[in-house]
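What follows is a set of notes on a single structure, which appears directly below.
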Amino acid sequence: MKKLVSNLLLASSLVLSLPAVADTFTLSSTDIAQGQHMNKAQEFQGFGCEGGNKSPQLSWIGAPKGTEAFAVFAYDPDAPTGSGWWHWQLINIDKEVSSLPSGLESLSKDASLKGARHIKNDYGVEGFGGACPPQGHGVHRYQFTVYALSEKLELPEDASGALTGYMVKAKSLASTSIEALYKRD
């Protein structure tokens with residue numbers, strides 16, 4: 001009995017000494033959902049696609065301590081390029097920002113995005129470029145990811161998607177994603 005009481009006291013002290021579990025960094029959206037097909041609003045306008053080219057609304061909570069900025073990426077790993085397709089790279093979002101509106105076009109129109117910067121996507125434009133998989137190519141996955149960064153990034157004006165991805169991942173404290181789907185028949 002003494003040994004049982006001793007073991008219970010030891011177990012109790014271990015449980016009480018564990019650190020509290022931190023909030024979980026999570027991403028949500030009113031426009032896209034995990035494993036669900038996106039609407040025509042998120043389809044590109046060009047390259048044979050006729051969608052709304054509207055970025056989805058995104059909200060995140062639970063960023064880790066030490067977060068100084070955020071980055072948002074949209075990436076299609078299924079694009080038939082050998083290296084995927086960057087649809088969106090937005091960096092240096094202020095640490096106080098926790099959401100982006102649907103259809104974000106101009107960073108200068110939103111005071112909370114002062115200092116944020118779009119990187120040229122694989123369509124060759126700065127900003128969001130919607131889904132546009134080749135017709136008949138099947139379902140593509142679109143990974144919308146928010147990264148909590150330890151610091152804002154200093155990148156050259158003509159930074160590539162690969163360089164931006166490298167630097168974001170090097171400064172990432174945590175990330176959270178929604179993988180949405182899209183196909184053109």
Checklist outcome for this item: Here the range 137-149 yields Karplus 3J(HN,Hα) values (6.51, -1.76, 1.60; θ = phi - 60°; whole Hz; Gly and Pro given as x) of 7, x, 6, 10, 9, 10, 9, 9, 10, 10, 10, 8, 10
Next on the checklist: So if each residue of separation counts as 0.36 nm, and I subtract the Cα-Cα distance between Ser83 and Glu50, what length gain in nm does that give?
Outcome noted: 9.4 nm
Checklist entry - Separation of the range 151-185 and the range 102-141 by C-alpha centroid, Å? => result 12
Item to check | His137 paired with Ala41, simple spin-label distance in nm, labels 7 Å along Cα-to-beta-carbon | outcome: 2.4
Item to check | Reachable lysines, given that their alpha-carbon falls under 29 Å from the alpha-carbon of Lys54 and they are not under 8 places away in the same chain | outcome: Lys40, Lys95, Lys109, Lys114, Lys120, Lys152, Lys169, Lys171, Lys183
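Coordinate-derived values only; no laboratory data. Everything numeric here is computed off the predicted structure, so don't read it as measured data. So basically every Cβ, Gly included, is an ideal-geometry build from the backbone, and we count neighbours across all protein chains shown.
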